[in-house]
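Read the structure below first, then the notes.
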Amino acid sequence: IANVGFVIFIDSAVDCSVLSTVCWVTANNVDPSRDCFYVDNKSGTTYPVLFTDGTMKTLESDGFKREWPNVILMDGKTISSVDERWNSLGLGGFFPSPSAQFKSLVISDGAVANLGDR
């Protein structure tokens, strides 16, 4: 743990090579009072490393008692429509839809992440 300032736990569907995605997912899945903590080593002193649980919370694994929200994306038809009209909208150079990079994070249809569909 030497020279490590923090460790983030995230779900396996998150692409760890895209730092902005890791930050976005972590920030959306963290309650600092519940999900940020330090760990004691064998000698009883605390490692100087902040651990952060940026995973989805569930009743089974976390005791989380409410439904977890699903990632909300634009549908393919909307993405295509915007892509086709991009140059005529006067928004600058083409910018791909962020929805594409988050498709792997969608658990089920609808606003609630139904983990049974995973």
- Message: I'd like to verify a number: residues in segment 29-53 that are exposed (fewer than 10 other Cβ atoms within 10 Å of the Cβ) and assigned to a helix (DSSP H, G or I), how many?
- Response: 2
- Item | Candidate set: segment 103-118, residues that are touching an Asp or Glu at 6+ places or on another chain (Cβ under 9 Å) and in a loop (DSSP other than H, G, I, E, B); chosen: the one most open to solvent (accessible area, probe 1.4 Å) | Asp109
- Task: Can you run down the residue pairs with Cβ atoms below 8 Å, 6 or more apart or on separate chains, where the first is in segment 16-37 and under 17 Å from Ile72 (Cα atoms) and the partner is in a helix (DSSP H, G or I) and among the aromatic types (Phe, Trp, Tyr)?
- Result: Thr21/Phe102
- Task: Filter segment 1-28 for residues that are open to solvent by less than 80 Å² (accessible area, probe 1.4 Å), touching a Phe, Trp or Tyr at 6+ places or on another chain (Cβ under 9 Å) and more than 16 Å from Gln101 (Cα to Cα) and give the result.
- Result: Val4, Val7, Ile8
- Given the conditions (1) in contact with a Gly (Cβ under 8 Å, 6 or more places away or on another chain); (2) assigned to a helix (DSSP H, G or I), which single one is not true for Ser20? (1)
- Item | So Ala100, is it at pLDDT below 90, closer than 16 Å to Ala13 by Cβ and open to solvent by less than 50 Å² (accessible area, probe 1.4 Å) | no
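Can you spot a residue in segment 77-90 that is touching a residue at least 12 places away in the same chain (Cβ under 8 Å), of a type outside the set (Val, Ile, Thr) and either in contact with a strand residue (DSSP E or B) (Cβ under 8 Å, 6 or more places away or on another chain) or under 22 Å from Asp109 (Cβ atoms) (or both)?
no
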- Message: I'd like the full set of residues that are among the β-branched types (Val, Ile, Thr) and surrounded by fewer than 11 Cβ atoms within 10 Å (Cβ to Cβ), limited to segment 59-93.
- Response: Ile72
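The values are calculated or read from the model by the stated rules, or taken from the named source; none is laboratory data. Not measured: the values here are computed from a predicted model. Using ideal geometry, Cβ is built from the backbone for each residue, glycine included, and neighbour counts are taken over all protein chains shown. In case anyone asks, the SASA skips ligands and DNA or RNA and just uses the protein heavy atoms, side chains included. Shrake-Rupley method; radii C 1.70, N 1.55, O 1.52, S 1.80 Å.
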